[in-house]
Structures are given as structure tokens and as C-alpha cells.
Amino acid sequence: MKNIFLVIFLFAFSANSFSQQLPTLRSSSSSQSQHEDLDYLNPKEYVIGGININGVEYLDKSVLITISKLQVGERILVPGDATSDAVKNLWAQGLFDDVALLINRTSNDTVYFDLNLAERPRVSKIVLKGLSKSETSDIQEKLSNQKGKIVNENLKNTVNSIITKHFADKGYLYTTVNINAIKDTADANSRIVNVTVDKKNKVKVHAINFDGNKDFSDARLKKFMKKTHEQAWYKVFGSGKFMRDKYEEDKEKLIAKMREKGYRDAEILDDSVYRYNDKSVNIDIKLNEGHKYYFGNVTFAGNAKYPSTLLHQILKIEKGEVYSEAKLEKTLRSSPSSNDVSSLYLNDGYLTFNADPVQTRIYNDTVDLEIRIYEGPQYTINKVILKGNELTNDRVVLREIRTRPGQKFSKDMLVRSQRQIVQLGNFDEQKIDIKPIPNPADGTVDIQYTVVEKPSDQIELSGGFGGGRVIGTLGLTFNNFSARNLFNLKAYKPLPKGDGQKLSIRGQTNGKYYQSYSFSFSEPWFGGKKPIYFGISAFTSLQSNGLSNSNPNLQKIRLNGLTFSLGKQLKWPDDYFRIDYAANLQQFKLRNYRGYLFENGDSYDLSLSQVLSRNSVDAPIFPTSGSNIKFTVQATLPYSSFNGKNYNNLSTSDKYKFAEYHKWKFESQFFQKIYGKLILKAQAQFGFLGYYSKDVGQAPFGRFKLGGDGLQGFDFLQGSEVIGLRGYSNNSVVPEGAPTSAGSPIFNKYVLELRHPVTLGESATVFVLAFAEGGNTWNKFSEFNPFNVKRSVGVGARIFLPIFGLLGIDYGYGFDAIPGQPDANKGQFHFSIAQQLGGFN
């Protein structure tokens, strides 16, 4: 009896379990009479005659049949493993709320199936809650490809993962996500997925704990981790926010620094990041320092071109020196100044040169090295190929390239060629590609330069306030002009372009009270064969009280000017030097003009100038290395020494009929990469305006006005040179007791500026900056003190748009009061429009 009850119980249990796991294979209700009843204890063999799928809207039916593994023409047992496996396989996809395999009908030994499926609902919309507008936009963009997908656990896990990772990358490690799907009234088989996000707090680093360090202190190890800091109230930069990707970078840098100090076996055995509280984490790092190693014997093998003594001089590694793979790599092939062994060969044609340092012996704390050199053949340049210059003529680019057919290959010449192409200003500096293509069969190499044109023309359209009125400005600058195609109508796009010349036209007016018009043209390769610069510029400006010429109360000043320039690149001391000469003529015409040295009459300023400069910056818009140094001398003839006039008896207008002076200026800028993309700019300027005769005294023209944004207003009408000094109002920094309108004959200025790019691209270059600067002016050398300066600090930003040039905004705070001008310091905003690239203001 017990056995009978046991058999009944097991049968019932197994049948119940089967019915819970799988839908029962059953007959279609519409065709009960067309088949025989199924006997689960005695399955029958059938041939599959057909499979009909019902209830599917979005899925491919042929793919579903493949997933079920039922094949038309296949002989199977019904019911049997094939039918149960078909249902299992479809359930496993997670795409359905119901799977039913039905027998539609049977005919002799052939069976026809109905596969009835109920698709799971799909996502019609994802609604985010708990986030700001910008955060919602960012997350929606990342979730955009989730729309239309099946609403299941996989979808929820994916959405949760995307959101938590997004905020973890921003320092929110404890973000929680709650997901709830509701029916979409517009579509019964769609769901609106509501996602509620709680970012919690930004997570900072409470403590970094090291274990296993003996020779390195905890404080020293923490300094090696540049982007993962413990939180502290005094840390303005790097406030302790934890970022997983930065932490992973810092772990690599930590080990690299330890190995650089001689600990070549240093490694992280284990590390963990764990919760300290709701706002911070702790980091535990377990280290193995290993032993400190030193360089032993360093030998060279395979070098035939250069002797080992010379290679040792360049390598600069002495026996007994702390072992550092970083120093070895730098002096072997990656010195920023190209003062390494690899550059020695690569600059002498050995394109395929390779050096492999091999540790031949390690004993106690000493490592012996053999540097195995493969010199390879010496390559000669065969062809120079230029691609991508759709607008600029080939010759404009090729004349700047320093790699010439027939020359030996040189890495330095490739770098210099890239700089020269960038300096043209016609191409995207981030997309210039230089590719050497060696031809081992004949020992030659082709150099392929690929460039991408960028807009280089600029428009200045601005409005400002000056002289109590609104001033409008329209300026057009064409940086890739072609004068030879002026009469070729087909070349107008909208003006003829492609020859690298520069044409600039500018007009400024506030109506009848002030007008100024200027024109300039320059050709960097005058004659087309040598880099001889030629330029011509002219302008005319008028400021008046708006009355007619016939009115005796008319007050006006007109300034006309004409300049011719010639310059050339020098080869000594190096070819970064150039010298430029200019002849300048300016005419000042005054009528009842008060506030000037004389009210009526004409004055002429005819001068010659010479500029010796050296510019080695690597890019014109956002330099990261190099320097720009300029020394200028400008002088007129010493008329008073030979015209026989007694200047003590002359009227003021006759005294300054022909201005006489000599002017000296020194300007310098240096750019240095500090860390990553952080750039330091250091700048110094000095100017002095001298005179020939005490009887004549200081000239009324060419004086310096210091303070403010450095932009010329009406000051140029008096021949003044405006020098910016942020943190102070325009022209406010003057010698004590001197009028602000006159200008000063002596000035100096110093600037330290930290710059970091926001974006460096073809369409725009944007960078932010922080500065500290100081400057001052003096009336005579006896009062000059280069360390007595008006100081300021501040922050700012620059944006370069190809069509508008360089635009800027600064906020500066001046520390030193200006006597008689209480509002001249203590915080000033400065705006700049169409600022000169590489300018010194």
C-alpha cells in the first residue's frame, strides 16, 4: 500500500512541476477534430509540416523559428524533448510574457504547429526625475538607444548602469536609481519608463593609507598622486573629489615615480576604495617597494656611425647613478629639446634607427645595460607630397617646408616644417599630419604632408563707447589674399585667395564727430623667391566738434599716416631670427584743438625703425612652448642739431613742426608647459622715449599710456602707444602729478599667466587663464625703478573664432591705489575685440 501511494505522489508531483515550468503542449481549440488526442505516456513520431507564429509585431519570425530549433521536415516525438526545448529556448530570450506551442492539426504522420507568443512591452519614453535640465539632457542622450527596447530586467540593469557610471565619473559614487514602468495610454504594448535619480553627495577622499612603504613616506607618495587628493579646507585646487579614472591614472604614475627613483621592482600588490561616510571614501594601497637600484656599466653595441664616447656624452648616465628608466628613455629617444641619442641619428638620415636597452646583468643593487643599436641605411628625401590644401596654392605651403628633395632625412626639419605650416594661419594645427614613406629598395623616403584648410578671414563688427558717443567699427581682414588674381573674375570667392598675402580694411566712426579709415597690405615673399617681407599701410583719422570748416568755432585734429616695411628672415644666429625696417610718415593737422601741446598748425613725424626679433613659439593662437623676443629702435632725424633754429624763441607749433626723438623698446614672451595642458606664459616689456636736445625736450608723439585693456581709442590721434595693465582703468597709471592725457616717456611691465585650454579645434579655440602682472611709468630715468610697479591679479578667458579673431574678457584687481583716481583700481572688467595674435599687450 505504501508503494502505491508513493508512486501516485511522485507522478502527481512531477506532473505539477512540468506544468509550472512549461506551457502544456496542447491542441488548438479550433481543430480538435482534426487530430488525435495526445498521450503523454505514449508519444508519437511526427514529421513537422509547418510552423505558424502568432502574436509577433516587432520580431523576425524566421529568426524565432531558428531559436526554437524546430525545423520543417524534421521527424520528432510529440510530445517530447524537441517540443519542450522549443518553448524553453524562446522563454530564455526574455522577450515574451507568454509562450504557447499548439498543435494546429495532424494529417497521417505530419503535424502542423501554432506558436502563440505574447511580446513583452517596449519602451516608448524614458522620463528622468530628480536632475537638473543640463543633467537630464546629458543622460537622455546616453539613453537614446534604449527607446524601443524590451522592458525587462536587462533594460533596467542597463539604464541603472549608464546613469550610475555617468555620475560616478563626476564624483557621485553613491547615486541611486529607481526605475518604474507604467502603461503608455497611446499604445497598449508600450511602457513609459520613469527613472528617479538621487545623485547623493559628491564623494571626496577622506584618507589615503599606504602599507608596505619603508623608504618612501606617506606624504611623498601622496605627492606622486597628482589627481587624487585627500580633502582639506586649504586646498583650493584639487579639492579631494574622487574620480575613478583619475585614480587609475594616479596608480600608474605612483609606480612610475617610484621606479624613476630607482625602485625598479615597485608594484601595487592590492588596493581598495571603500566607503567612509555618505560624503567620502578611504583608499588603502598595499605596496612592494623592492630594492633601490643603481646604474652599473652601460655599453653600446652595433654603433658604426658614431663612437661610443659621443653616445655616452649624449646619454649622460654615469655609473653609480640612481637607476631610472624614465631618464634612460628621455636621453635615449624622447628629449623635448631633441638632445637624445635617437635624434642624433634621425637628424642625420637614419630613419629606421632603433635602440634597445637590454639588462645584461643584475647583481646586488646594480644593473648593467647594453644598448643595442640598429642604425639601418641613411635615407635621402625623394619626393615631398602635399595634400589637403584645396584653397591655398601649393607654392605657398611648399616654400615654408624645410624638407627638400635630395636632402638627408631629418626629424628636426619635420618638426620645423610643421611649425612653419601652422604659422601660416590657414590650416587647422590639430589636424596637420606628416608621414614619412620609406623606400628601402633605393634608400629614399617620400614625405607626405596632409593639411586641413580652416577659415582664416576675419571680420570685426563692433560697437563701443568713446568720447561720450557710440562708436561703430567695421573691419575686414583677408589672411590668404591673392593680388595677382585681382583681374581674374573666376578667382573671386568672394575675393581672390590662395597666395598667403594679407589685406586689411577698417573703418570706425560715430558720425560727424569722429572718423577713421585704414588700409594695409603685406606680402611675406616679396618677389616670390625669397622670404622677404613687404608691407604698406595708410590711414586717415579725424576728430572734431562736428562744426563745418567755415565755422570759426570748429575744433579738430586730423592725423594722416603712411608706412612702408621691408623685412627678411636671418640665418644667424639661427633662422628663427628676422630683421624688419620701416619708414613712417605721420602728419598732424590741428585747428583750435585744446588739450594738446599746441592748438593750431601742422606737425610732421618722419621716422625710421628697425626691429630685430626671434619668434620660436610653436603655435600662434595657443602656444605651448618657445619664445617671442623683439627689440625695436625708432628714430627721427635730429633736426635741431643742423637746422640753425633757436628753439628758445620759437612758438610751440613751430617748435614741433618736425618732431624729433629716439625710441627704444624691448618685449619678450616665454611659453612653457607646466603639467598636462597647463601652460605658463612669462612676459616682460620696457619702453623709453628719448630726445636729442634739452631745448626741444620730449616729443609730443610716441609716448606710452599704461593701464586698462590695451586697446587704442582716441589716444592714437596724439601718437600715443597704449599698453594694457589689467586691474586698472585705461591710461590711469601715470607718474604722480602728471596728467593722464599726456602719456609718459618710460614704462615697464611684467606678466605671469597660467593658461589652460577648454577646446582646441578648427571652429574655435578657447582657453582660460589666471594672471599676475605689474607695471609703471616714469617721466625721467632718475626716477626709474623697475621694481616699483602697480600690481594686479585676475582671471580671464580667450576665444579665437576664425571669422572674428581673438576675443577676450578679463577681471583684474589692482592692489595699488592711483593718487587722485580712487576708482582706478580695486576691480576692473576688460574686454578685447580682434586682439592681435601674439601681441604684447
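In this rough spin-label picture, where each label sits 7 Å from Cα along the Cβ direction, the ILE162-VAL72 distance is 3.9 nm.
So for the range 204-288, what percent of the C-alpha to C-alpha distances run longer than 22 Å? Before the final figure, lay out the partial values.
Working: 756 of 3570 pairs.
Value for the range 204-288 (Cα pairs over 22 Å): 21 percent.
Between the labelled values [x] 45.2, 125; [y] 39.9, 149; [z] 45.3, 169, the entry that holds Rg and Dmax of the Cα atoms in Å as derived from this structure is [y].
Ranked by the mean number of other Cβ atoms within 10 Å per residue, highest first, peptides 258-268, 544-554, 526-536 order as 258-268, 526-536, 544-554. Here the spin labels are modelled as points 7 Å beyond Cα on the Cα-Cβ line, and at ASN788 and LYS88 they lie 9.7 nm apart.
Using the Cβ-Cβ distance between GLU141 and ASP695 with R0 set to 56 Å, the FRET efficiency works out to roughly 0.15. Subtracting the Cα-Cα distance of LYS292 and LYS129 from their residue separation scaled by 0.36 nm leaves 53.1 nm. Our estimate of slack between ASP365 and TYR581, defined as 0.36 nm per intervening residue step minus the Cα-Cα distance, is 71.5 nm.
Out of the range 369-400, which GluC sites (Glu not before Pro) are coil in DSSP terms and have no more than 15 other C-beta atoms within 10 Å? Before the final figure, lay out each step's value.
Numbers: sites: GLU370, GLU375, GLU390, GLU400; in loops: GLU375, GLU390, GLU400.
Listed in order of number, the matching sites are GLU390.
Net charge dipole, the range 351-444: roughly 480 debye, given to the nearest 20, about the Cα centre with Cβ charges of +1 for Lys and Arg and -1 for Asp and Glu. Its Cα centre serving as origin, the chain has a Cβ charge dipole (Lys and Arg +1, Asp and Glu -1) of approximately 2760 debye. Treating r as the C-beta distance of ASP97 and ASP278 and R0 as 35 Å, the FRET efficiency rounds to 0.30.
A simple packing score, the average count of other Cβ atoms within 10 Å per residue, orders the peptides 788-797, 134-143, 628-637 as 788-797, 628-637, 134-143, with the highest score first.
Cross-link check: pairs LYS226/LYS673; LYS142/LYS431; LYS147/LYS183; LYS512/LYS556; LYS589/LYS694; LYS292/LYS319 evaluated at a Cα-Cα cut-off of 18 Å; pairs beyond the cut-off: LYS142/LYS431; LYS589/LYS694. Look at the Cα gyration tensor of the range 75-233: its axes a ≥ b ≥ c give a/c of at least 1.5 with a/b at or below b/c, and that counts as oblate.
Cβ crowding within 10 Å, taken as a proxy for footprinting-reagent exposure, orders TRP778, TRP664 from fewest neighbours to most as TRP664, TRP778.
Annotation note: trypsin sites (Lys or Arg not before Pro) in the range 550-626 located in DSSP loop regions with a Cβ neighbour count of at most 14 within 10 Å are LYS571, ARG594. Counted by neighbouring Cβ atoms within 10 Å, the residues THR777, THR196 run from fewest to most as THR196, THR777. Potential lengthening of the chain between VAL47 and ILE255 amounts to 68.1 nm, from the contour at 0.36 nm per residue minus the alpha-carbon distance. The separation of the range 376-413 from the range 178-198, counted between C-alpha centres, amounts to 61 Å. Note: relative contact order over the chain, using C-alpha pairs below 8 Å and six or more positions apart, is 5 percent.
The alpha carbon convex hull volume per residue for the range 328-421 rounds to 106 Å³.
Using the Cβ-Cβ distance between PHE519 and ILE803 with R0 set to 22 Å, the FRET efficiency from 1/(1 + (r/R0)^6) comes to roughly 0.60. Of the residues MET413, MET225, the one with the fewest other Cβ atoms within 10 Å heads the list, and the complete ranking is MET413, MET225. Sorting the segments 496-506, 822-832 by their mean number of nearby beta carbons within 10 angstrom, highest to lowest, gives 496-506, 822-832.
Work out the length of the dipole vector of the range 169-292 about its Cα centre, built from +1 on the beta-carbon of each Lys and Arg and -1 on the beta-carbon of each Asp and Glu, and round it to the nearest 20 debye.
On the way: 27 positive and 21 negative charges, 110 e Å.
With Lys and Arg at +1 and Asp and Glu at -1, about 520 debye.
Taking every alpha-carbon pair under 8 Å whose residues sit at least 6 apart, the range 471-623 reaches a relative contact order of 14 percent.
Restricting to Cα atoms and excluding each atom paired with itself, what does the Kirkwood estimate give for the range 590-748 in Å? Before the final figure, lay out the partial values.
On the way: mean 1/r = 0.0562 Å⁻¹.
Hydrodynamic radius (Kirkwood, Cα only) of the range 590-748 equals 17.8 Å.
Only the coordinates and a few stated rules stand behind these numbers; no lab work does. Because the structure is a prediction, the values reported are computed rather than measured. Don't worry about glycine lacking a Cβ; one is built from the backbone with ideal geometry, like all the others, and counts go over all protein chains shown.
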